[in-house]
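*Asks:* This is the structure I have questions about; it appears just below.
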Amino acid sequence: MKLPSLERWLSRSRVPGRLLTLAGLILRLPLRPFRHQNAPPKTILVLHHLLLGDTVMLAGLLSKLRQRYPNSAIHMAAPTASVALFSARPYDVEVHPFNPRQVSTLLGLFRLWRPDLVIIPAENRYSLLAAALGARHIVAFEGDSPAWKNWLIDELRSYPKAPMAWPDMATLLVDGPPPPAFASNDWPQPAFRPYARPAKPYCVLHLGASSPLRLWSPNRWKEIADWLHDQGYGVIWSTGPGEDKLVTTCDPAADYPSLAGQLDLCQLWDLLTNAALVVSPDTGVAHLAKACGTPSVTLFGPGSAEIYGPGEFWKNHPYRFVSIPDFPCRDGRMLFERTSVSWVRHCAKPPSECPSARCMHALTSDMVRTAINSLLSQLKH
């Protein structure tokens, strides 16, 4: 293997990180029986590699940790792209970049040195990394498979027996009363580079999503854009990186300006903060709008409005969702594609099994207009 090819492979492979974790385990496992947990914990680490929306929804967990442990140093490992959103240290939490394929980010976590408490909200395989870090106590949800992912976890907690939103569910990993409902000043706006912010009032229509099965009809997006324009709002198209073709499909004549794929997450935060409304599929931007305090309407097709809605923690957020309850093929019970939970109902089918995204096609323009009208009427009163 030529050197440049080797470098590319190393930059994309989990192998170096696994070798580092294995080395840590060899050093730490013999000492596990002699661990002493500080009470209260001096250092806490929330360890995960979730997508943007799931990371934002962990705010309830961070709030509860700070409420229960006001004097502890709380850290969170999160995907590199999300770290800048936490630069203003909401809940006085320090966030570290984490990518299993970038060994430099694992080395950064090893500098934390024997955290007293590690909480793993999903993907229990990271318990191996927690043990390699010398964690004194590891807490996670039960039921992850295969079983080896759970072997090094000290405390496995049950998922709720009744439906609960993920922002509230994650808080069950910490003892004590629920955290207070989110308030906009809980999460200060991160610093951002200047960009061409649109003139107010404007609405952001975010077309992109993490799965093609969450994309809505281009014609219907254009109908909503025209309708909002007739109501006196500016319309701004938005997508994630590499999704700008979604805009040209919806608006081939470029009737409305587009910032598709042009903003980093901190600039996007500012765009959403100053918007009158955000309309999007169930994707990271929908959940980022909650942290920004921006009124939002979320379109749920394959996903569950019950799980990924505001719950109690975000209950004060001005919000509406559009979904077809009990859609026939929304029958998956896996949470984060790893753990079966009896009351979970969402679709985890790949696009090859459902090329037409029937659940998204069932959402009509009238349904979305009704949700927007209801939300804006509430805000006027």
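The values are calculated or read from the model by the stated rules, or taken from the named source; none is laboratory data. Keep in mind it's a predicted model, so treat the numbers as computed, not measured. Here the Cβ positions follow ideal geometry from the backbone for every residue, glycine too, while neighbour counts run over all protein chains shown.
*Asks:* Could you tell me which residue of the stretch 186-231 is farthest from residue 363 (Cα to Cα), considering only residues that are of a type in the set (Phe, Trp, Tyr) and not in a loop (DSSP other than H, G, I, E, B)?
*Replies:* 202
*Asks:* Of the residues 185, 219, which single one is closer than 30 Å to residue 94 by Cβ, without any contact (Cβ under 8 Å) to a residue 40 or more places away in the chain and of a type outside the set (Ser, Thr, Tyr)?
*Replies:* Criteria check complete, one pass: 185.
*Asks:* Considering only residues that are crowded, with 22+ Cβ neighbours inside 10 Å and of a type outside the set (D, E, K, R), which ones fall in the stretch 270-285?
*Replies:* Passing the criteria: 271, 272, 275, 277, 278, 279, 280, 281, 283, 284, 285.
*Asks:* Looking only at the stretch 232-285, which residues are assigned to a helix (DSSP H, G or I) and in contact (Cβ under 8 Å) with a residue 40 or more places away in the chain?
*Replies:* Within the stretch 232-285, 247, 250, 265, 266, 267, 269, 270, 271, 272, 273, 284, 285 meet the criteria.
*Asks:* Is it true that some residue in the stretch 324-340 is of a type outside the set (S, T, N, Q), touching a residue at least 24 places away in the same chain (Cβ under 8 Å), surrounded by 15 or more Cβ atoms within 10 Å (Cβ to Cβ) and in contact with a Leu (Cβ under 6 Å, 6 or more places away or on another chain)?
*Replies:* No, because not a single residue in the stretch 324-340 is of a type outside the set (S, T, N, Q), touching a residue at least 24 places away in the same chain (Cβ under 8 Å), surrounded by 15 or more Cβ atoms within 10 Å (Cβ to Cβ) and in contact with a Leu (Cβ under 6 Å, 6 or more places away or on another chain).
*Asks:* OK, next. I need the full set of residues from the stretch 320-356 which are of a type in the set (Lys, Arg) and under 19 Å from residue 309 (Cβ atoms), in order please.
*Replies:* Within the stretch 320-356, 320, 330, 333, 345 qualify.
*Asks:* Still on this structure, I have one more. Kindly indicate whether residue 298 is without any contact (Cβ under 8 Å) to a residue 60 or more places away in the chain, buried (at least 24 other Cβ atoms within 10 Å of the Cβ) and outside any loop (DSSP other than H, G, I, E, B).
*Replies:* Spelling it out, residue 298 is indeed without any contact (Cβ under 8 Å) to a residue 60 or more places away in the chain, buried (at least 24 other Cβ atoms within 10 Å of the Cβ) and outside any loop (DSSP other than H, G, I, E, B).
So that you can scan it fast, the table gives a plain yes or no per residue for (1) in contact with a helix residue (DSSP H, G or I) (Cβ under 6 Å, 6 or more places away or on another chain); (2) of a type in the set (Phe, Trp, Tyr); (3) outside the structural domain of residue 224 (by TED's automatic domain parsing):
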residue	(1), (2), (3)
163	yes, no, yes
169	no, no, yes
188	no, no, yes
195	yes, yes, yes
206	yes, no, no
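*Asks:* Within the stretch 164-179, can you find the residues that are in a loop (DSSP other than H, G, I, E, B) and surrounded by 14 or more Cβ atoms within 10 Å (Cβ to Cβ)?
*Replies:* If the condition is that a residue be in a loop (DSSP other than H, G, I, E, B) and surrounded by 14 or more Cβ atoms within 10 Å (Cβ to Cβ), then 164, 165, 174, 178, 179 are the ones that fit.
*Asks:* For the stretch 193-210, enumerate the residues that are under 20 Å from the mean Cα position of the chain (by Cα) and either crowded, with 19+ Cβ neighbours inside 10 Å or within 30 Å of residue 68 (Cα to Cα) (or both).
*Replies:* Once the filter is applied, which keeps residues that are under 20 Å from the mean Cα position of the chain (by Cα) and either crowded, with 19+ Cβ neighbours inside 10 Å or within 30 Å of residue 68 (Cα to Cα) (or both), the stretch 193-210 yields 204, 205, 206, 207, 208, 209.
*Asks:* In this structure, does residue 70 turn out to be assigned to a loop (DSSP other than H, G, I, E, B), over 21 Å from residue 169 (Cβ atoms) and either in contact with a Gly (Cβ under 8 Å, 6 or more places away or on another chain) or at pLDDT 95 or above (or both)?
*Replies:* yes
*Asks:* Ok, one more. Among the residues of the stretch 309-319, is any in a strand (DSSP E or B), at negative phi and surrounded by fewer than 22 Cβ atoms within 10 Å (Cβ to Cβ)?
*Replies:* Yes - at least one qualifying residue is present in the stretch 309-319.
*Asks:* Do you know which residues across the stretch 293-347 are at pLDDT 95 or above and basic (Lys, Arg)?
*Replies:* 315, 320, listed by residue number.
*Asks:* Ok, one more. Which of the residues spanning the stretch 234-262 are among the aromatic types (Phe, Trp, Tyr) and more than 17 Å from residue 214 (Cβ to Cβ)?
*Replies:* Once the filter is applied, which keeps residues that are among the aromatic types (Phe, Trp, Tyr) and more than 17 Å from residue 214 (Cβ to Cβ), the stretch 234-262 yields only 256.
*Asks:* I've got another one for you. Being touching a strand residue (DSSP E or B) at 6+ places or on another chain (Cβ under 7 Å) and within 21 Å of residue 298 (Cα to Cα) is true for just one of 209, 181. Which residue is that?
*Replies:* 209
*Asks:* Moving on. Only one of (1) of a type in the set (Val, Ile, Thr); (2) within 18 Å of the chain's Cα centre (by Cα); (3) assigned to a helix (DSSP H, G or I) is not met by residue 105, so which one is it?
*Replies:* The one condition residue 105 does not meet is (2).
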